[in-house]
Amino acid sequence: MQPLNEETPGKASDWLLTLSCESCTENKPSLYLSQPKKCLVRRRKMEMEREPQKIREGYLVKKVMFNKWKPFWVILLEDGIEYYKKKTDTSPKGMIPLKGSVIVNHCQDFNKRLLVFKLTTSKQQDHFFQASHSEERDAWVKDLKKASKCIQEGQRFARKSTRRSIRLPSTINLSELYMSMKDPDRGIREIKLEKDKKVFNHCFTGTCVIDWLDSSKSVRNRQEGLLLASALLNEGHLQPAGDVSKNAAEGLAETTFLDTTDALYYFADSGFFCEENSSDDDAILKEEFRGLVVKQGCLLKQGHRRKNWKVRKFILREDPAYLHYYDPASGDNEALGSIHLRGCVVTAVEGLTDAKKQEADGNLFEIITASEIHYYLQAASAEERKEWIKAIQAVSKIGK
């Protein structure tokens, strides 16, 4: 056999395939390639051909040209980001390499836009993404940083839990602890607080959290309490309310969680809201938004007139039972509309008959309100559709 060079006929991959494991006894070019390890060449070839692992996917809003923002279906791979105009598209609108990138959470470059994170490539190109809620943003940033670090260290992506990073005892279950903190009788009491001419509803102080952890014997001292409270904050169970706690969470203080009476926090799925210069004129409107947040995220919604599909951010609240939807690209918190869920019917839909059905790729469900208004929505997966239907059905039975 000839040595592999530019004149050798056939592809290099064909030549490499002749090198196999120890069970193969023929076509081994021993004069041209040593074999310190069996199957080494084949393994390397398979690694080169292996497609990058899909780590995370979902809707995010991205800053595009002329300071505009548009929603995209974003896929995080081991080596980069691909973003698509639609989930059903086969060709991405763009790709962003992760090698040498820097990811910044809590990006403050845009005053009116919350939940923005920034990715700066090795060529100093900035890419801004906005999530629909804090838990989603933190999950994306965590995976992005991990993927970038894996590239730098030449390792495969593997998730690392918060428990290990902050060295929590193995006996502590953050989800169970969170439910205990929310217990109406034995948990942390949510109160109304006034600060800087603002009224914060359904919140509590950082000192209250540490006091509760200490009194419930969840920690041995207040220092451990800070560690545990920071873990609850990092996992999205607790949210900062007000400038003091938000600055600490963004790394502008010695600890991400503050054991002070000036730092305010609230439960992620509570009915927290902040009032400023409020009046009685909008009391009825505000009543819609005072229900507990049960679920939130992006879905595709079909329009009533043009029957086209657009990405909308949805927030599901109970008591009163409403599903509010927003334009994720607008950057403001004004709802485009609301769906009163009391007495509604929600079911899965396997197909549509209108002219725009080709834009919807499965995972559809329909909400029919008590006033017989039909809404068609699309989830990203069958599991997500199931979760939304279950949550809406529960809210429609108990909410006002």
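Using only Cα atoms, figure out Rg for the range 192-260 and give it as a multiple of 2.2 N^0.38 Å. Each step should come with its number before you reach the end.
Numbers: Rg = 12.1 Å, N = 69, 2.2 N^0.38 = 11.0 Å.
For the range 192-260, the normalised Cα radius of gyration comes out at 1.10.
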Which value, in Å² rounded to 10, gives the accessible area of D109 with a 1.4 Å probe and all protein chains present?
-> 90
Given pairs K93/K313; K93/K123; K62/K149; K86/K112; K246/K390; K195/K386 and cut-off 30 Å on Cα-Cα distance, the over-length ones are K246/K390; K195/K386
Per-residue HN-Hα couplings for the range 199-206, Karplus 6.51 cos²θ - 1.76 cosθ + 1.60 at θ = phi - 60°, whole Hz, x for Gly and Pro?
-> 10, 9, 9, 6, 9, 7, 8, x
Between E57 and residues 5 or more places away or on another chain, which pairs have amide H atoms under 5 Å apart, with H built 1.01 Å from N, and which residues are they?
-> L76
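The values are calculated or read from the model by the stated rules, or taken from the named source; none is laboratory data. None of these values were measured; they are calculated from a predicted model. What goes into the accessible areas is simple: the full protein's heavy atoms, side chains included, and nothing from ligands, DNA or RNA. Shrake-Rupley method; radii C 1.70, N 1.55, O 1.52, S 1.80 Å.
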